[in-house]
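Q: One structure follows; several queries about it will come next.
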C-alpha cells in the first residue's frame, strides 16, 4: 500500500513540474488570444525556433549569457514582423483564415531547420548539475526545477503586468472591447504587436528550457500539441487558467502514463490530455476560468 | 476570347437547370473529357499516369473538405483521420470477408461518415477556434485508437495489405487500369458535388457559412445541417481513403497523419474556398507540386546540400513552399486559383474591348 502511494505521489510531483512547463508555453498562446483573438497554431514551432536560435548561437561558440538575450530579442523581432506581414492583413477576416495562416506558418518553421542547419539534434547545456533534487521522498531533475522557477516567475510577472501596469491595463481594455479601447485613445494595433512580442519572449524562454531538457530538433515543436488541452481546460483567455490547466494536464498525463502504459503498450501520454480536453469541450467549453462568451448553436 | 454568353436563350426548365448552361462551356468540357478519357491514358507513360491517379484520388478528398470548409464554413484539421477510418474499414472488409470493392468502397465512406457524425456531435455546438481544436483532437484520438486496436489495424505494424480491385474477374493491376478506376470516382465526385451545392442542402450550407444567425432565422436547422455537412464531407474523405488503400495496395495509418490533413487544407485554400473548380485545381496543384520540387531539388540541390540528405531537403522544401502558399493565398487572394481563372476569363469575355 505504501509503495503504491509513493508511486502515485512521484507521478503527481513529476506531473506537476512538467505541467508548470506546459503552462509556460500555454502562456504565450493565451497572451495572443487575450489581446488579439487570434489562435496561434504555431506556438510549438515558436518554441522550436527559439530553441534553434539559442542552440545555434551556442554551437557558434557564443557564450550562454549572450545567447539567451539574443534568442529573446530575435523572437521579439520575429513576432513583430509576423504580426505586421501576416496577421495584420487578416484583421477582420473569418477566424478560419487566421487559424490557417498560423498552420501555414507552422509548416514553414518546421521545414526551415533541415535545409539550413541540417537534421542533427542540437543541445543547450545550461550551467546546472545532473544530480536530481530530492523532494519529499521523490526526486526531480534540476532542469525541471529550473523550469518550474522560470514558469512561476513568468506567470507571476505577467499577472502583475496585466493587473497593475499601465500597458497591461490598456491591453486588457483592448481585449475586452477593441472599439471602446480605440475611442479611449488606445493605439489598438500597437498593443496587438506588443501582445505578439510578449508571446515571442515567452516562447524564447520555453524554447531554452524545453530545448535543454529534450534537445533541439524539429520534434521539439510537438510540445505545442500539448498547448491545446491546457488552454481549453483552463480557458483560452485566462493566465491563471493556463497555470491550473497546465498542472491538471501534467498530472493527468503523468498518472495515465504511469498506470495505463503497461496495459495498452505506450502512447497514453499523447492521448490522455486530449480525452480530458474533449470532456472539457462537452461540459465547459469556455474552460475553468475563461470568459463565458462562447457562442453556442 | 471565345467565352461568349450572348445569344443563348433558355426556353425550357431543363435548359435553365443544366449544369453547364453555355454552349462554350459544354464544348470545352467535352474536349476535356475526350482528352482525359481517351488521349491521356493512351499517350502518357505509366509514371505520369501514376501522378494523374494521385490527382484523381486527391480531387475526391479535396471536394469533401471544400464542402465542409468552403461551403459550410466549418474548419476541420482532422480530415486525414476520416480517410484512415475509410481505409481501414475497406481493408478489413476486403481481407477478412473477401468483399469486392463496390461494397467496401461505399462501406468505407459510410463508416467514415458515421465516425464523422460522432465527432461532429460535440464539436459542432461550438464554432471557429474551438471546432478547429476539437477536430485536431479527433485526428490524434482516431489515429491512436486505430494504432492501438489490433482488431482494426491488423497487428503491430498497423498495416493491412489489400489486393487490387477486380472488375468481372479482371484485376486492375497496371497504372493504366487504375487510371480509369480513379478517374471514374473523381468524375462522380465532381458531378455529385456540383449538384449538391446548388440543391436545397447546399444552399443551406452556404447560408450557414455566410451568416449563421440569419440562416437560423429563416428556418434552417443549423445543428442538423452542420452535421449533414460533416457527414457528407467525411463520406468523401472515407471514399478517398479507400481509393488510396486500393491504389497503394495497403492500408497504413502513416499515409493519414496530420500532415495529410494540412495538405488537403492547402488544396482547398490554394484552389479556392467554396468552389468545385477550385478543389480540382487545388488537388492538381498540391499533388503535382511535390513532384516538381523533388525534380528541382534532385537536379540543383546537390550544389547546396549534401547529396545524401536530398530527400529530407525535398520534404522540407515542400513544407516551406506549401506553408508560404497557404499564407500568400490567404493574404493576397483568399478565393484562390479559381478566382484567378475567373479573372482571366472575365478579361477575355469582351476582348478586345474593355467592357
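Q: Just to confirm my filter: which helices (runs of 4 or more DSSP H) fall fully inside the range B:121-207 and include at least 2 residues that are within 26 Å of residue B:44 (Cα to Cα)?
A: Details: elements: B:128-148, B:150-153, B:175-197.
In the range B:121-207, B:175-197 are the helices (runs of 4 or more DSSP H) which contain 2 or more residues that are within 26 Å of residue B:44 (Cα to Cα).
Q: Moving to a separate point now. So, in the range B:179-235, exactly how many residues are within 22 Å of residue B:111 (Cβ to Cβ), free of Cβ contacts under 8 Å to residues at least 40 places away in the same chain and surrounded by 19 or more Cβ atoms within 10 Å (Cβ to Cβ)?
A: So the count comes out to 1.
Q: Take residue A:16 and tell me if it is in a helix (DSSP H, G or I), over 16 Å from residue A:209 (Cβ atoms), under 16 Å from the mean Cα position of the chain (by Cα) and at pLDDT below 90.
A: Considered against the rule, which asks whether it is in a helix (DSSP H, G or I), over 16 Å from residue A:209 (Cβ atoms), under 16 Å from the mean Cα position of the chain (by Cα) and at pLDDT below 90, residue A:16 comes out as no.
Q: Specify the residue that is surrounded by the fewest Cβ atoms within 10 Å (Cβ to Cβ); the eligible residues are those in the range A:63-86 that are more than 7 Å from every other protein chain (Cβ to nearest Cβ), without any contact (Cβ under 8 Å) to a residue 24 or more places away in the chain and within 25 Å of residue B:333 (Cβ to Cβ).
A: A:85
Q: If residue A:236 meets every condition in (1) assigned to a loop (DSSP other than H, G, I, E, B); (2) within 18 Å of the chain's Cα centre (by Cα); (3) more than 9 Å from chain B (Cβ to nearest Cβ) apart from one, which number is that one?
A: Residue A:236 satisfies all of (1) assigned to a loop (DSSP other than H, G, I, E, B); (2) within 18 Å of the chain's Cα centre (by Cα); (3) more than 9 Å from chain B (Cβ to nearest Cβ) except (3).
Q: Please state which one of A:57, A:48, A:66 is over 21 Å from residue A:128 (Cβ atoms) and either in contact with a helix residue (DSSP H, G or I) (Cβ under 8 Å, 6 or more places away or on another chain) or modelled with pLDDT of 85 or more (or both).
A: A:48
The rows are residues; the columns are (1) more than 30 Å from residue B:249 (Cα to Cα); (2) free of Cβ contacts under 8 Å to residues at least 12 places away in the same chain; (3) outside the structural domain of residue B:283 (by TED's automatic domain parsing); (4) loosely packed, with under 14 Cβ neighbours inside 10 Å.
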{"residue": "B:7", "(1), (2), (3), (4)": "yes, yes, yes, yes"}
{"residue": "B:30", "(1), (2), (3), (4)": "yes, yes, yes, yes"}
{"residue": "B:35", "(1), (2), (3), (4)": "no, yes, yes, yes"}
{"residue": "B:54", "(1), (2), (3), (4)": "no, no, no, no"}
{"residue": "B:77", "(1), (2), (3), (4)": "no, no, no, no"}
{"residue": "B:83", "(1), (2), (3), (4)": "no, no, no, no"}
{"residue": "B:90", "(1), (2), (3), (4)": "no, no, no, no"}
{"residue": "B:99", "(1), (2), (3), (4)": "no, yes, no, no"}
{"residue": "B:111", "(1), (2), (3), (4)": "no, no, no, no"}
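Q: Looking only at the range A:87-124, which residues are more than 30 Å from residue A:68 (Cβ to Cβ) and within 9 Å of chain B (Cβ to nearest Cβ)?
A: Passing the criteria: A:89, A:90, A:93, A:94, A:95, A:96, A:97, A:98, A:99, A:100.
Q: Among the residues of the range A:113-137, what is the count of those that are in a helix (DSSP H, G or I) and buried (at least 19 other Cβ atoms within 10 Å of the Cβ)?
A: Going residue by residue through the range A:113-137, those that are in a helix (DSSP H, G or I) are A:113-116.
Still in the running and buried (at least 19 other Cβ atoms within 10 Å of the Cβ): A:113-115.
Here the count works out to 3.
Q: Just to be sure before I move on: is residue A:224 outside any helix (DSSP H, G or I), within 13 Å of another protein chain (Cβ to nearest Cβ) and closer than 28 Å to residue A:76 by Cβ in the structure I sent?
A: So residue A:224 does not fit the description; no.
Q: Does the range B:260-268 contain any residue that is away from chain A (no Cβ under 12 Å) and outside any helix (DSSP H, G or I)?
A: no
Q: What residue, of A:202, A:251, A:216, A:227, is in contact with a strand residue (DSSP E or B) (Cβ under 9 Å, 6 or more places away or on another chain) and touching a residue at least 12 places away in the same chain (Cβ under 8 Å)?
A: Of the residues listed, the single one that is in contact with a strand residue (DSSP E or B) (Cβ under 9 Å, 6 or more places away or on another chain) and touching a residue at least 12 places away in the same chain (Cβ under 8 Å) is A:216.
Q: Being buried (at least 18 other Cβ atoms within 10 Å of the Cβ) and more than 18 Å from residue A:100 (Cβ to Cβ) is true for just one of B:282, B:301. Which residue is that?
A: Selected residue: B:301, the only one of B:282, B:301 that is buried (at least 18 other Cβ atoms within 10 Å of the Cβ) and more than 18 Å from residue A:100 (Cβ to Cβ).
Q: Oh, and also: How many residues are facing chain A (nearest Cβ under 7 Å) and over 18 Å from residue A:230 (Cα atoms) if we restrict to the range B:129-146?
A: 1
Q: I would also like to ask the following. Considering only the range B:147-162, how many residues are out of contact with any helix residue (DSSP H, G or I) (no Cβ under 7 Å at 6 or more places or on another chain) and away from chain A (no Cβ under 14 Å)? Talk me through it step by step, then tell me what you get.
A: Residues of the range B:147-162 that are out of contact with any helix residue (DSSP H, G or I) (no Cβ under 7 Å at 6 or more places or on another chain), as a first pass: B:149-151, B:154-157, B:159, B:161.
Next, from what is left, pick out any that are away from chain A (no Cβ under 14 Å): B:154, B:159, B:161.
Going through the range B:147-162 one residue at a time, the tally reaches 3.
Q: Condition first: more than 24 Å from residue B:194 (Cβ to Cβ) and either modelled with pLDDT under 95 or outside the structural domain of residue B:265 (by TED's automatic domain parsing) (or both). Can you find one or more residues in the range B:57-69 that meet it?
A: no
Q: From B:281, B:289, B:277, B:337, grab the single residue that is in a helix (DSSP H, G or I), within 22 Å of residue A:85 (Cα to Cα) and more than 12 Å from every other protein chain (Cβ to nearest Cβ). Outline the logic, then answer.
A: Numbers: B:281 fails: within 22 Å of residue A:85 (Cα to Cα); B:289 fails: within 22 Å of residue A:85 (Cα to Cα); B:277 fails: within 22 Å of residue A:85 (Cα to Cα).
The unique qualifying residue is B:337.
Q: Inspect all residues belonging to the range B:151-161 and state whether any of them is within 23 Å of residue A:225 (Cβ to Cβ) and free of Cβ contacts under 8 Å to residues at least 40 places away in the same chain.
A: No: the range B:151-161 contains no residue that is within 23 Å of residue A:225 (Cβ to Cβ) and free of Cβ contacts under 8 Å to residues at least 40 places away in the same chain.
The values are calculated or read from the model by the stated rules, or taken from the named source; none is laboratory data. This one's a predicted model, so the numbers in the text were calculated from it and none came from an experiment. Don't worry about glycine lacking a Cβ; one is built from the backbone with ideal geometry, like all the others, and counts go over all protein chains shown.
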